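Take a look at the structure below.
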Amino acid sequence: MSTKTRTSMRDKAYQNFSDLLLNSRIQPGQFLTQKELVEITDMSLSTVRELIPRLEADGLIRAIPQRGLQVTHIDLNLIKNAFELRLILEKRAIAHFTEFAEQALIERLLDEHQTVLAAAENGADKSLLEKAQLTDWEFHDTIIDFLDNEIISKIYRVNSIKIRLIISEKTRISPFSLTRVFSEHLKILNAVKARDVQAAEVALEEHILSAKKHSFETSFR
């Protein structure tokens, strides 16, 4: 098997693991064996053995002597560290985005958010909540990817798995939080549209700190 093929298989296994984690088919704190990883990722044992060091390096699992592989668990440190890294990366990204993003892209993001908010006035069903959650994640991913920095994007993606794991059960967008979250996004986007870097950074920081606070409250109340 070529090096390129092996890398592709490892990437596929990593994505399978991430998807299972974010879909709650793998639980935070759960213990797994290599055999179980083979079964749930639908990959070969050799691929899984190559995958494990990457998962360990990214902080998604850790090897516990005599017990096996433990999936990262949600605790105060994880929330604190993940949100601090998110704030550092996104503040740099929003400043760049505000200065250089094409007007058409800004208008598209504004329109997507306004459409969701308008629909929510009639009540937020499951379909709308799923659309809102995807719009939320795409908004932040778009800002980061606009930096056009592969290293930052990779670091952000790994951290996003942890953030999304934190919010997956207790703080996903709900009928009660949709208006708040999207209003915060619109505040950021309106500052971006005005090309006001300082206002965009302030609005973004308020948004991320609000999400962090809500995560602490819902996870440890």
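Rule-based calculations on the coordinates, nothing more; no lab input. Computed from a predicted structure; not experimentally measured.
Can you tell me the Rg and Dmax of region 1-118, counting just the alpha carbons, in angstroms?
Considering region 1-118 through its Cα atoms, Rg and Dmax are 19.0, 56 Å.
Rg/Rh for region 58-173 to two decimals, with Rh computed the Kirkwood way over all alpha-carbon pairs.
1.04
Could you pull out every one of the aspartates and glutamates with an alpha carbon less than 12 Å from that of Lys212, ignoring same-chain neighbours closer than 8 positions?
Straight-line reach from Lys212, under 12 Å: Glu84.
Extension gain Val202-Arg92, at 0.36 nm per residue separation less the Cα-Cα distance, in nm?
Between Val202 and Arg92, full extension yields 38.4 nm more.
So how far, in whole Å, is the C-alpha centre of region 88-165 from the one of region 50-77?
Going from one Cα centre to the other spans 28 Å.
Return the Cα extents of the chain along principal axes one, two and three, sorted largest first, each rounded to a whole Å.
55, 41, 31
Past 20 Å, Cα to Cα, is the threshold; run Lys126/Lys213; Lys12/Lys91; Lys12/Lys131; Lys91/Lys187; Lys154/Lys193 against it and keep the listed order.
Long pairs (Cα-Cα over 20 Å): Lys126/Lys213; Lys12/Lys91; Lys12/Lys131; Lys154/Lys193.
Taking 0.36 nm per intervening residue step and subtracting the Cα-Cα distance, what contour gain separates Glu39 from Glu102 on full extension?
Answer, rounded to one decimal: 18.2 nm.
Tilt of helix 45-57 relative to the longest C-alpha principal axis of the chain, in degrees (0 to 90, nearest 10)?
Compared with the principal axis, the helix lies near 50 degrees.
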